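Peer 1: Next up is a structure, given as structure tokens.
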Amino acid sequence: MEMPSDPNAKTRRRIVLFSLLFVIACSVGAYFIGDLGKLQDSIAARESQAALQGITEPAQLDEALRQNPSNKFLQMMAMATRAADETNAATEKLSNELEPPAISKNSNLGAASRSDLEALRGDLKTAEANATTFLPRYIALLKTERDNVEKDALSLHPGKAAPGRLLDNIDRRHAEITALTSRMLAARADFYRAYENYVAFLVKEFGAYKVANGEFVFLFQHTVNRYNTAADAMTVAGKRVAELEEERKSLLKSQQEALVQLVNGK
């Protein structure tokens, strides 16, 4: 019986390096900017809102601040965006440590030696363990961002309500980020586990199968059945990760659309 030597290659390439990063400077800047009308009072609020009309990205915020350097609310928005930028960089560094690089390089398992397969199993187990311990470290980065924003916002003395409203805004964003990231990490751990089981099957059957034209060739139907079970489990787990990545994109898009409307007073 012939079976593909790498039935999930496209799925793995698509999801192996998927981003866990929600703290994107562009959307973060808009997120804070969009709620500005609720953060300010009287004349200062109207002046700040006028300065922010049409702003949807950090570069525009920087320009508004350049033209209004003494505006405390613009200073606060720019400060919050910089803090999110720092979280973004720290999270990317942390995410890069999640998965051993060798995993993404093993795309042709049919050509792998037994020692290669055993090494891949070890890397997959490491990746699974990392996925289960990532969230607390990620949450710590978000907390550092919030603490820094709170300290800097209060130092600007922008008014009584502004810092509290800004922090509420951050808390809502972080709650959304954390909830979806938690589900994505769980799905990713499931994928690594299913992938490791698939490789374990190949290790066990090593020497009893052949590879012809990129296909595994097994002698017996019961072996094919076990192969299919392992491959199908990996495929299902991979699809779940891909679905959550699409959910992440959809959430980010809906947030951006709503924030643009808020920025422009709609």
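Peer 1: Please indicate, with yes or no, whether at least one residue in the range 116-133 is part of a helix (DSSP H, G or I), more than 30 Å from residue 207 (Cβ to Cβ) and charged (D, E, K, R).
Peer 2: No: the range 116-133 contains no residue that is part of a helix (DSSP H, G or I), more than 30 Å from residue 207 (Cβ to Cβ) and charged (D, E, K, R).
Peer 1: In the range 75-87, which residue that is open to solvent by less than 40 Å² (accessible area, probe 1.4 Å) and not hydrophobic (A, V, I, L, M, F, W, C) is farthest from the chain's Cα centre (by Cα)?
Peer 2: For the range 75-87, the residue satisfying everything is 81.
Peer 1: Would you mind telling me which numbered condition in (1) under 25 Å from residue 185 (Cα atoms); (2) in contact (Cβ under 8 Å) with a residue 24 or more places away in the chain; (3) crowded, with 17+ Cβ neighbours inside 10 Å residue 104 fails?
Peer 2: Residue 104 satisfies every listed condition except (3).
Peer 1: Restricting the range 116-172 to residues that are free of Cβ contacts under 8 Å to residues at least 24 places away in the same chain, closer than 28 Å to residue 241 by Cα and not acidic (Asp, Glu), which is least open to solvent (accessible area, probe 1.4 Å)?
Peer 2: It comes out as 122.
Peer 1: Quick check on the range 206-220. Is at least one of its residues open to solvent by 70 Å² or more (accessible area, probe 1.4 Å) and part of a helix (DSSP H, G or I)?
Peer 2: No, the range 206-220 contains no residue that is open to solvent by 70 Å² or more (accessible area, probe 1.4 Å) and part of a helix (DSSP H, G or I).
Peer 1: A follow-up question, please. When you check residue 190 against the structure, is it at pLDDT 95 or above and within 21 Å of the chain's Cα centre (by Cα), yes or no?
Peer 2: On the way: at pLDDT 95 or above: yes; within 21 Å of the chain's Cα centre (by Cα): yes.
For residue 190, the condition - at pLDDT 95 or above and within 21 Å of the chain's Cα centre (by Cα) - is met.
The values are calculated or read from the model by the stated rules, or taken from the named source; none is laboratory data. Being a predicted model, the structure only gives us computed values, none of them experimental. Please note: Cβ atoms are built from the backbone with ideal geometry, for glycine as well, and neighbour counts cover all protein chains shown. Remember, those area values only see protein heavy atoms, side chains included, never the ligands or the DNA or RNA. Shrake-Rupley method; radii C 1.70, N 1.55, O 1.52, S 1.80 Å.
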